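S.K.: Submitted below is the structure of interest, expressed as structure tokens.
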Amino acid sequence: MTDSLLNVLLGLVASAISAALGWLGQSLRRRRRLDRARAFLGLPAGSECLIVVNRSIGTGAHPRTVTRRDAYALMELAALVKECGAHADLVAHDAAPRGLGTRTELCFGGPVSNERMAAHLAWGLPGVTISSDHAVLDNTITVGGRSYTADPEAGEYVLLARLATPEGGRPVFLICGQTGIANHAGVRHLVTHHRRLARRYGTDGTFALLLKVPNPAAYGPDVVEQVADVTARALERGPTPPGAPARGVPVPAPAATA
């Protein structure tokens, strides 16, 4: 074997080894990112989760119908669950099983259209109130005394939150928007930025973010701005005004599964 042929063979072997090491490194990085996402979302491979669906509040709507925008949001949530290798169980807001922490829960829609959302807000984010005027569908989000009202020109708001459950159970994610577009925007923000959120808040923490859809008529759910991290204010339990209606019943929390 000549020196030239030997050099060629050595170069091919070195290239093959470098390619294999690069592929292995990329695979390990992808696996670590997936493991972090699974830990943050509470979706280990083969696990089950609940996607709690709200109802359409349009005039004459059937109690089991959802809006077109909420259907789009459902598809994106289902894709995120599938990416983690988990399985989703779609349940109506008034038919969700009792308990908390046994399975990850992805709950979206305002408390007017989602009874489960009302319960989660009352239990996990007592500093958040959402008033609704059924006549004009005015869902005003109030956090720590500051109110945010949907406006066709100023934009719409959505509360995106992760609630840690007792005894290290699976988390609850809340996507509470003022409109269907806001719900969709909140879901898309979670799907797109869950890795960044995991780095910032860890895989077992509670947080609440207020997001804004600045021009839903022009951009739909594609443009989202973070207004504020409202975690501290959302966790504060303020005094209940005299005569104010209850916002929900705290959800019972049985022992979480391992």
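S.K.: Being under 22 Å from Asn114 (Cβ atoms), within 14 Å of the chain's Cα centre (by Cα) and open to solvent by less than 20 Å² (accessible area, probe 1.4 Å) is the filter here; which residues of segment 200-223 pass it?
M.R.: Residues satisfying the conditions are Phe207, Ala208, Leu209, Leu210, Leu211.
S.K.: Can you tell which of Arg195, Arg170, Arg200, Arg162 is closer than 26 Å to Arg32 by Cβ and at pLDDT 95 or above?
M.R.: After ruling out the rest, the residue left standing is Arg162.
S.K.: Can you run down the residue pairs with Cβ atoms below 7 Å, 6 or more apart or on separate chains, where the first is in segment 73-89 and under 15 Å from His193 (Cβ atoms) and the partner is in a helix (DSSP H, G or I)?
M.R.: Taking only residues 6 or more apart or on different chains, the pairs are Glu76/Val187; Glu76/Arg188; Glu76/Val191; Leu77/Val187; Leu80/Val191.
S.K.: In addition: At pLDDT 85 or above, open to solvent by less than 80 Å² (accessible area, probe 1.4 Å) and at positive phi - does that describe any residue in segment 22-44?
M.R.: Yes: one or more hits.
S.K.: With under 15 Å from the mean Cα position of the chain (by Cα) and over 15 Å from Thr104 (Cα atoms) as the only criterion, which of Leu190, Leu163, Leu174, Leu197 stands out?
M.R.: Leu197 is the lone residue from the list that is under 15 Å from the mean Cα position of the chain (by Cα) and over 15 Å from Thr104 (Cα atoms).
S.K.: I need the full set of residues from segment 213-246 which are farther than 18 Å from Arg146 by Cα and modelled with pLDDT under 50, in order please.
M.R.: If the condition is that a residue be farther than 18 Å from Arg146 by Cα and modelled with pLDDT under 50, then Pro242, Gly243, Pro245, Ala246 are the ones that fit.
S.K.: Answer yes or no as to whether Ser18 is open to solvent by 50 Å² or more (accessible area, probe 1.4 Å), polar (S, T, N, Q) and either at pLDDT 85 or above or part of a helix (DSSP H, G or I) (or both).
M.R.: Yes.
S.K.: Now for a different question. Please go through segment 165-190 and pick out each residue that is over 22 Å from Ala150 (Cβ atoms) and open to solvent by 40 Å² or more (accessible area, probe 1.4 Å).
M.R.: Pro166, Glu167, Gly168, Arg170
The values are calculated or read from the model by the stated rules, or taken from the named source; none is laboratory data. These numbers were taken from a predicted model, which means no experiment stands behind them. Neighbour counts run over all protein chains shown; Cβ positions are idealised from the backbone, glycine included. Note: accessible area is taken over every heavy atom of the protein model, side chains too, but ligands, DNA and RNA are not part of it. Shrake-Rupley method; radii C 1.70, N 1.55, O 1.52, S 1.80 Å.
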